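Notes follow once the structure below has been shown.
The values are calculated or read from the model by the stated rules, or taken from the named source; none is laboratory data. Keep in mind the model is a prediction, meaning the values are calculated, not measured. So basically every Cβ, Gly included, is an ideal-geometry build from the backbone, and we count neighbours across all protein chains shown. Remember, those area values only see protein heavy atoms, side chains included, never the ligands or the DNA or RNA. Shrake-Rupley method; radii C 1.70, N 1.55, O 1.52, S 1.80 Å.
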Amino acid sequence: MFVALLKNGETCSLLDDWTIEQLHVLRATQAFFCPVCLERVQLKIGTKRMPHFAHETKCTIETERETFAHLQGKQQLYEWLTNEKIEVEVEKYLRHIQQRPDVFVRHMQHMYAIEYQCSIIPFSLFAKRTNAYKNAHIVPIWLLHTSHVKRRSLFFQLPSFSWLFFNDQEVIPFYCAERREVSFLHHLIPLSSTLAYGEWATFPLHAISFSSFFQTPQRQHDVLFHAWQMKKKQWRLSPLYYRTNRTFCRIVYHAHMTPSLFPHEAGIPLRHAYWFETPPFIWQTYMLLEMMNVPLHVTFSFHQLYERMRYFIRQNLIHIRRLPLVTKSHYSYALMDYLHALVSLQFLKKVGKSTFQRIRSWSLPRNVEEAIRGDEQVLRRIVSKKEDFFTKRE
């Protein structure tokens, strides 16, 4: 940490302009105390890490060991906001919620807590910190170190921990202290629990404003069609997806369907699909099976289908992702996205604000070659310039 108390109660911040010689004198003449637990801390002055305070015993606040990147990042974010003329404090202890954010900001009559996370912490601790800030009317801004994402061509490998940072702007914000760069992974559509299509935008820290963290970057590339077509082909051709999901195989066999020849209308990219860990071709096939049980031209409601989805979730056949920073949407939004996509494919007809009729049967391919050709036709109708499914729907 960068801030400690002196014996006389004054605050000592290492972000002030100290020389190494002055710090050595300070360490020789002063005792330092944690502003939270009031226990002794040591002033560390080394050649490999920047000067910082370290506890001699464990602090009462739940913290993890600070890496060099974490210390460096806190300092850079503090200096950036100071240069932006924004009121900012580093490691301010918020006694009423017993938390100490990396950077605390007051701006435009609002309070913000910036947490720069370099190491993995339990979901329970992440949620506890987040909820404490929200209950205190402090907006949490979580930044993740770029080491927690790996690029795989047009896709991104994201462990479940990284998804915790996905927020209401539908973005995962990253920071790299080594390069002083902020990156935004946006327009994410998951393909599995850990793999997702997305777009990546990187900016030097000095080139962005604080408000950038509350905006969704514009779509820059129109490569979703090709990326999704490639992945859907892999779903068709890879037996691994079916060997590891025997329940899916059992359900589709019961419906007289070959697992790799699932309907063309399943496996469609959707704006709010980020809620699902289950691959889209699986959960959408389940929903299609439910709709096929409704006779042609018989009206059913969104709520009816949503209740069936909840049943699949309770049975652990569909897995929902935990997104503690998302408060403005719900996994039901993805289901409504899907129904609208099926309307555009003329599988459904919308007859009311939230009521639909099935107007044809699903399209079941007879072999893999036919499946791949049909998938391309369906994707061209969904992923088109005329219809941007990232646009908000009523």
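Structure above, values below:
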| item | result |
| --- | --- |
| Restricting the stretch 89-116 to residues that are aromatic (Phe, Trp, Tyr) and free of Cβ contacts under 8 Å to residues at least 40 places away in the same chain, the residue that is least open to solvent (accessible area, probe 1.4 Å) | 104 |
| Boolean, residue 63 is open to solvent by less than 80 Å² (accessible area, probe 1.4 Å) and at pLDDT 95 or above | no |
| Residues (touching a Pro at 6+ places or on another chain (Cβ under 8 Å), at pLDDT 95 or above and of a type in the set (Phe, Trp, Tyr)) located in the stretch 87-116 | 112 |
| Boolean, residue 280 is more than 21 Å from residue 314 (Cβ to Cβ), open to solvent by less than 20 Å² (accessible area, probe 1.4 Å) and not hydrophobic (A, V, I, L, M, F, W, C) | no |
| Options 239, 295, 280; residue that is in contact with a strand residue (DSSP E or B) (Cβ under 9 Å, 6 or more places away or on another chain) and within 26 Å of residue 159 (Cβ to Cβ) | 280 |
| Subset tally (residues that are surrounded by 13 or more Cβ atoms within 10 Å (Cβ to Cβ), modelled with pLDDT under 80 and among the β-branched types (Val, Ile, Thr)) for the stretch 27-59 | 1 |
| Scope the stretch 8-21; condition loosely packed, with under 13 Cβ neighbours inside 10 Å and farther than 21 Å from residue 100 by Cβ; matching residues | 8, 17, 19, 20, 21 |
| Residue, farthest from residue 223 (Cα to Cα), within the stretch 130-157, restricted to residues that are in a loop (DSSP other than H, G, I, E, B) and in contact with a Leu (Cβ under 8 Å, 6 or more places away or on another chain) | 136 |
| Filter pass, residue 253 being part of a helix (DSSP H, G or I), closer than 28 Å to residue 319 by Cβ, in contact (Cβ under 8 Å) with a residue 12 or more places away in the chain and touching a helix residue (DSSP H, G or I) at 6+ places or on another chain (Cβ under 9 Å) | no |
